């Protein structure tokens, strides 16, 4: 589904990613972990074609996106659902309207929207709050709306950028359950996270990036981190939700 | 197709409503610009028409005959005129014919001429010359013919008017370019503020796979609405003012001076088309400029 083949990206003199090669198969659930500034964001921005790789090739859903023209980018992004740490819901739209918005953007008919949106809201467990506005919802509920919006157009890949970063542990696990449910239905999931507990508990494939290099790609736990400073409160906070 | 257009229109009007004060200020500013443009346009069209009308008569010299002439003397003048090089024909216009023509020209005010005791207009010949150069020579030569009282020839007037027309034309072009640039900047800034107000929404749209045109359309339509509304208001205002001016002046003074103003309906229709096209152009350019950089992000 996503293939990085020897991909490198530099920002001026700073390294974003160095000769990264990864193969994420259809239906995989992959955690992308690593310290801040390691290259995780670069990895995602390359998939979304927000930036171009300096060298190497990136294939998404069978298409080499390094050669995509600007006009073809919307088509690529329609295959990818995006979930953000800060939810990015539109304050003046209701839950229903926020999710429907994703369908309007890709020219779905009113009939299709009326059929599909309630179904997706049901799937993420927020159907009873369809008429509420984002500010009337808890953080966990807002993230459910964010997920509903990301999956309503049935993307092939769902990228979740620290989706549990603003949530308490219990709510975070609820969100993880929803993501797992979506994964079971066939959507490939790539989740960026710092949440060691979640990664360890989920027991999925973990790709670790450090200094722009992919240093580990294994099934299972978050992994031992040589450079983890256990005496730094800031760093400890970062890994405990 | 229709649902896409409908969606874009819905977005456009909700966006205008959300930013109504900004759009209103833009419309007022562009309307003021178009009013100035309209005044230049009206001046230009009228001066140009007046010059064109006179230009048609460049080959006609009106030769007024001495009122003491008898028929034979008038005939002798005709023969002398026809003997000059470059003269095509000479048509006699009696003082009675001249009065009838004047009455026709004065229209509703012709009754004023009814009070005249005597017809003050002289008999004349309308002398048609072959070309402009011949006209100068003939106009000069006929004054020497015995029995000729005076000569009217429009060449000087035409040349002066042509200069005025060229000046008005150049001034209009400079004003138009300046006002268009200012208008585009006004629209671009209004749309830019609207774009910033919707920055988050646009960012999400792009993540969701919206095409550039889908994002762009409501802003371009918003710019076009500013241009079109401004053109309607300015043209309407010009129509009212110009009709009043025609009503007040043309009936009395201008008609007596034998000058016609371009009819309001004809002129305003053309002005509307011009302003609407300009408005659409200004709106489109302004909005494309303001959103282009934003979409490139």
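What follows draws every value from the coordinates through simple rules; no lab data is involved. Owing to the predicted nature of the structure, the values given are computational and were not obtained by experimental measurement. Every residue, glycine among them, receives a Cβ derived from its backbone with ideal geometry; neighbour counts consider all protein chains shown.
A few notes on this one:
- With Cα atoms, 0 to 90° folded angle of helix A:95-105 axis to chain A main axis: 70
- FRET efficiency for residue A:14 and residue B:277, using Cβ-Cβ distance with R0 set to 41 Å, rounded to 0.05: 0.25
- Neighbour-count ranking [beta-carbon atoms within 10 angstrom, fewest first] of B:243, B:290, A:21: A:21, B:243, B:290
- Using only Cα coordinates, the Kirkwood hydrodynamic radius of chain B works out to 23.8 Å.
- Between 0 and 90°, nearest 10: helix B:155-197 axis offset from chain B longest Cα axis: 10
- 12 Å cut-off, amide nitrogen to a point 7 angstrom out along residue B:150 Cα→Cβ, residues in the range B:64-87: B:64-67
- Each eigenvalue of the Cα gyration tensor of the range A:113-200, multiplied by 5 and square-rooted, gives one semi-axis; in descending order these are 21, 17, 10 Å.
- Where labels lie 7 Å past Cα in the beta-carbon direction, separation of residue B:94 and residue B:178 in nm: 5.7
- The shape of the range A:83-154 comes out prolate: with a ≥ b ≥ c from the C-alpha gyration tensor, a/c is at least 1.5 and a/b beats b/c.
- Between B:268, B:225, B:148, the Gaussian network model of chain B with springs among Cα atoms under 10 angstrom shows the greatest mean-square fluctuation at B:148.
- For the protein assembly as shown, the gyration tensor built on C-alpha atoms gives a prolate shape. Its axis ratio a/c (a ≥ b ≥ c) is at least 1.5, and a/b is the larger of a/b and b/c.
- Cα gyration tensor, the range B:1-50 - rounded (a/c under 1.5), prolate or oblate: oblate
- Between the Cα long axis of helix A:139-151 and the first principal axis of chain A there is an angle of about 90°, rounded to the nearest 10.
- With each label modelled as a point 7 angstrom along the Cα→C-beta vector, the residue A:180-residue B:163 pair spans 9.4 nm.
- Residues A:96, B:167, sorted so that the one with the fewest Cβ neighbours within 10 Å comes first: B:167, A:96
- Highest-fluctuation residue, B:166, B:198, B:155 considered, GNM on chain B with Cα pairs under 10 Å: B:198
- Working note: 222 nm ellipticity from helices only, DSSP H runs with n ≥ 4, each -39,500 (n - 2.57), summed and divided by the residues of chain A, gives -10000 deg cm²/dmol to the nearest 500.
- The ellipsoid equivalent to the alpha-carbon distribution of chain A has semi-axes of 29, 23, 15 angstrom, derived from the gyration tensor eigenvalues as √(5λ) and listed largest first.
- Fewest-first sequence of B:213, B:17, B:106 by Cβ atoms within 10 Å of each Cβ: B:17, B:213, B:106
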